[in-house]
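Engineer: Structure below; questions to follow.
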Amino acid sequence: MKIENTRDPSNKPPIVLLLYGEGGVGKTTFVSTAPKPFLADCERGAKYFGLRGISLDFGNVQSWSDMQDVLTLAESGDYDTIAIDPIGELMDKLKKFMVAKGDSKLVQKDGSPTMAGWGWLKKTFRDLLKAMQQSGKHIILVAHVDEKSDEDRIVKRPKIETKMSEEIVSMVDVVGYMTVVTDPEEGEKRIIRVDAGSDKFVAKDRTGQLGKVIPPDFAKIVKAC
């Protein structure tokens, strides 16, 4: 066992961030601000990057099996950040991969996961995330936004398969809700909310260094942490 000390300035673990928000709010542009990023494009949205002025290396993930290539890239020295967009679509591909295995212990006759199937999904994704973390790379998981009724209010949260949403939130260091606000002096601007105390959206900051609102610049997040 390697003994480490939090006072050691070289002890800077990679950041695992889950970012979610409405379509077109600038989530992919945010990914491009990360150090040496590679994007695993799970819904073929990258074909419009050039038209939007986004310069970013990417690969199309058409099935769960393609994630082995992404893991190989993560373990290489070519990139410092690996992003997956959107994570909900990747989870759907993982579910289809499980169904195709034809294991009755994991999948019911109607194609929905059994209790054991949900456990397999969680473990398989967690293993992937751990392998990517062990490569020393920053990880950005991008998600669409979903809304859930909670008593008399609507709570915004990452759009991921229901039984996986809370699990993935627990796996990451930071959960940020990206949105557009109007500033009296600056006009409209994009921000990321990481206030875990809010009852209007799901957020998290395990680092304790980011405050309640941060600018959409990954380099500044790395510096703050």
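The values are calculated or read from the model by the stated rules, or taken from the named source; none is laboratory data. From a predicted model like this one, the values you see are computed outputs, not experimental measurements. Note that each Cβ is placed from the backbone with ideal geometry, even for glycine, and that neighbours are counted across all protein chains shown. Just the protein is used for accessible areas: all its heavy atoms, side chains included, with ligands, DNA and RNA removed. Shrake-Rupley method; radii C 1.70, N 1.55, O 1.52, S 1.80 Å.
Engineer: Using Cα-Cα distances under 8 Å and only pairs 6 or more residues apart, what relative contact order does the chain have, in percent?
Structural biologist: Across the chain, relative contact order equals 25 percent.
Engineer: Run the numbers for residue 105 and residue 68: contour at 0.36 nm per residue of separation, minus the present Cα-Cα distance, in nm. All intermediate terms of the calculation are to be shown ahead of the outcome.
Structural biologist: Values: separation 37, 0.36 × 37 = 13.32 nm, distance 2.46 nm.
Difference between extended and current length: 10.9 nm.
Engineer: Roughly how many whole Å is it from the C-alpha centroid of the range 142-165 to that of the range 35-98?
Structural biologist: With the range 142-165 and the range 35-98 each reduced to a Cα centre, they are spaced 23 Å.
Engineer: Which percentage, to the nearest 5, of the DSSP beta bridges contained in the range 55-185 is antiparallel?
Structural biologist: Values: 7 of 11 bridges.
Beta bridges within the range 55-185, antiparallel portion: roughly 65 percent.
Engineer: Using a 1.4 Å probe on the protein heavy atoms, what percent of the accessible area of the chain belongs to carbon and sulfur?
Structural biologist: 48 percent
Engineer: Based solely on its DSSP helices, what 222 nm [θ] is calculated for the chain when runs of n ≥ 4 H residues each add -39,500 (n - 2.57) and the sum is averaged over all residues, nearest 500 deg cm²/dmol?
Structural biologist: Values: 6 runs with 66 residues, N = 225.
The helix contribution divided over the chain gives -9000 deg cm²/dmol.
Engineer: Also, quick follow-up: Please give, to one decimal in nm, the separation of the simple spin-label points placed at residue 147 and residue 131, each 7 Å out from Cα toward the Cβ.
Structural biologist: Going by the 7 Å Cα→Cβ label model, 3.8 nm.
Engineer: Quick one, could you list the DSSP H helices from the chain stretching 20 Å or more along their long axis (Cα atoms) with average Kyte-Doolittle hydropathy of 0.0 or above?
Structural biologist: 87-101
Engineer: Once you list every other residue whose beta carbon is under 15 Å from the beta carbon of residue 200, what net charge do they have if Lys and Arg are +1 and Asp and Glu are -1?
Structural biologist: Charge balance in the 15 Å sphere: -1.
Engineer: Moving to a separate point now. Over the range 99-225, average the accessible area per residue using a 1.4 Å probe and give it in Å², no decimals.
Structural biologist: With the other protein chains kept in place, the range 99-225 gives 57 Å² per residue.
Engineer: By the scheme Lys and Arg +1, Asp and Glu -1, what is the net charge of all other residues having a beta-carbon under 14 Å from that of residue 78? Can you show the working numbers first?
Structural biologist: Numbers: positive: 36, 137; negative: 57, 69, 75, 80.
With Lys, Arg at +1 and Asp, Glu at -1, the net is -2.
Engineer: Would you look at the GNM of the chain, springs on alpha carbons closer than 10 Å, and say which of 177, 48, 79 moves the most?
Structural biologist: Ranking 177, 48, 79 by mean-square fluctuation puts 48 first.
Engineer: Could you check which residue among 17, 106, 94 shows the biggest mean-square fluctuation in a GNM of the chain with a 10 Å Cα cutoff?
Structural biologist: Of 17, 106, 94, the Gaussian network model singles out 106 as fluctuating most.
Engineer: Between residue 92 and residue 199, what FRET efficiency comes out of the Förster formula 1/(1 + (r/R0)^6) with R0 = 25 Å and r the beta carbon distance, rounded to 0.05?
Structural biologist: Efficiency computed from Cβ-Cβ geometry: 0.30.
Engineer: Quote the charge dipole size of the chain about the Cα centre in Debye, to the nearest 20; the model charges only the Cβ of Lys and Arg (+1) and of Asp and Glu (-1).
Structural biologist: 460 debye
Engineer: Here is a further query. Where both residues lie in the chain, what percent of DSSP beta bridges are antiparallel, nearest 5?
Structural biologist: In the chain, DSSP labels about 40 percent of beta bridges as antiparallel.
Engineer: Which of the peptides 36-45, 66-75 is most tightly packed, and how do the rest follow, going by the mean number of other Cβ atoms within 10 Å of each residue?
Structural biologist: 36-45, 66-75
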